[in-house]
1. I want to make sure I understand the PRE zone here: with the label point 7 angstrom from the Cα of ARG164 toward its beta carbon, which residues in region 187-221 have backbone N atoms less than 19 Å away?
2. Tell me the trypsin sites (Lys or Arg not before Pro) within region 110-156 that lie in a loop according to DSSP and have at most 15 other beta-carbon atoms within 10 Å.
3. Over 31 Å between Cα atoms: which of LYS11/LYS189; LYS115/LYS189; LYS179/LYS227; LYS115/LYS272 fall into that group?
4. Applying a 10 Å radius around every beta-carbon, put 252-259, 291-298 in order of their mean neighbour count, most first.
5. R0 = 45 Å: FRET efficiency of LYS258 with PHE38, Cβ-based, nearest 0.05?
6. How would you classify region 8-236 from its alpha-carbon gyration tensor, with a ≥ b ≥ c the square roots of the eigenvalues: rounded for a/c under 1.5, else prolate if a/b is greater than b/c, otherwise oblate?
7. Among the aspartates and glutamates, which fall within straight-line cross-link reach of LYS137, defined as a Cα-Cα distance under 16 Å, with same-chain neighbours fewer than 8 residues apart omitted?
8. What's the exposure ranking of TYR36, TYR180, going from fewest to most Cβ atoms within 10 Å?
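Every read-out reported here was derived from the displayed coordinates using simple, explicitly stated rules and does not represent laboratory data. Model, not experiment: these values are computed from the prediction. When we count neighbours, we look across all protein chains shown, and the Cβ atoms used for this are built from the backbone with ideal geometry, even at glycine.
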Amino acid sequence: MSSHPSDPILKDGRETDIVIPVMGATGVGKSTFINYLFGDGKEHVQVGHHLTSCTTNVTPAVFALPSSNRSSRNPELQSSRVIVLDTPGFDDTLESDAEILRRIANWLATSYRKKMVLAGVIYLHDISQDRFTGTAKRNLSMFNHLCGEASLEKVILVSSKWERFSDFQVSAARERELKYRYWKFMIGKGSQVARFRLRPLEGEILKTTGTESAWDIIYLIREHQLKQKGKALRDFGIQIQKELVDSKKFIPQTEAGKELNYSLKEIIDMQKQLVALGKGTAEAGDQDREDKIAEMEGTIRRLEEQARFLKVSLPQRLKQIFKKLVNNFW
């Protein structure tokens with residue numbers, strides 16, 4: 001399913017919807033996590049078994065909260081449609097980071113305009129990795145810039161692939177390193193930590209595995225959201241949503257966008273798409289916005305000429321000039 005605004009989930013967006021993106025590097029188990037939510041053993045979302053990414057679009061899966069001890073104690077837990085998003089990682093083998101950011105940002109911005117509540121965000125990390133790699137650091141950094149510090153309290157940091165160990169103590173030691181080193185800042189800002197477990201290790205006793213383990217994580221988010229009941233929609237939005245919708249920024253102007261090294265072509269392509277989106281959402285009679293769009297289109301044409309001439313990545317000086325142009329327009 002595409003992340004384009006024609007996505008049927010977005011077309012049918014409801015104010016009672018609960019949106020939960022699942023993020024993390026390629027191969028950490030995002031699609032596996034979502035498949036376990038279905039609980040029928042089928043592969044509803046394609047799972048990659050190689051280094052090549054299977055998820056290249058933002059793919060929503062829709063659920064009703066199943067009956068459980070938690071939901072029976074609180075009927076409000078069952079009253080909403082849950083939309084869990086499978087997202088590509090920022091190390092995708094088929095798409096650039098700029099394109100991945102565009103797809104994620106556009107889906108989240110459109111859902112925010114539809115007043116669909118982003119209840120929380122799940123960040124998955126493969127605990128079986130021998131070390132915290134550059135890819136893991138990059139994905140975590142991009143994730144932080146997407147969410148923003150103020151939204152970290154709605155984040156669940158989830159470790160996956162415990163089953164690759166035979167010794168529970170080794171995996172537990174790695175979890176401690178994550179909590180007290182790489183996740184320390186986020187936990188200090190309110191992020192919770194959870195484990196997605198498929199089966200117990202030797203000598204270990206687990207209360208929940210598989211589907212129940214996955215749903216326990218969803219319930220953590222839903223319970224936190226219910227504690228925030230009465231807050232305005234804006235209080236549920238994460239940083240990228242507020243930047244794009246409330247502040248009307250372009251993606252390269254957002255904190256996540258600034259993290260990326262945009263090539264000239266990527267900037268041009270992205271601005272074309274955003275200008276087209278701006279045309280579709282501008283209110284009738286909004287002459288100031290129409291004038292800004294016209295100016296931006298002229299800038300895009302000039303940059304396209306430079307792209308054909310340069311055929312290289314945008315030099316730092318030209319990046320600074322482009323940034324000034326965009327800031328003047330918006």
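1. From region 187-221, the list is 194-202, 210.
2. Taking region 110-156 and a limit of 15 other Cβ atoms within 10 Å, the loop trypsin sites (Lys or Arg not before Pro) found are LYS115, ARG131.
3. Long pairs (Cα-Cα over 31 Å): LYS11/LYS189.
4. Packing proxy ranking, top to bottom: 252-259, 291-298.
5. Values: r = 37 Å, r/R0 = 0.82.
My answer for the efficiency is 0.75.
6. Values: a/c = 1.40, a/b = 1.17, b/c = 1.19.
Note, shape of region 8-236 comes out rounded.
7. ASP91, ASP92, ASP97, ASP126, GLU175, GLU177, GLU259
8. By the 10 Å Cβ count, ascending, the order reads TYR180, TYR36.
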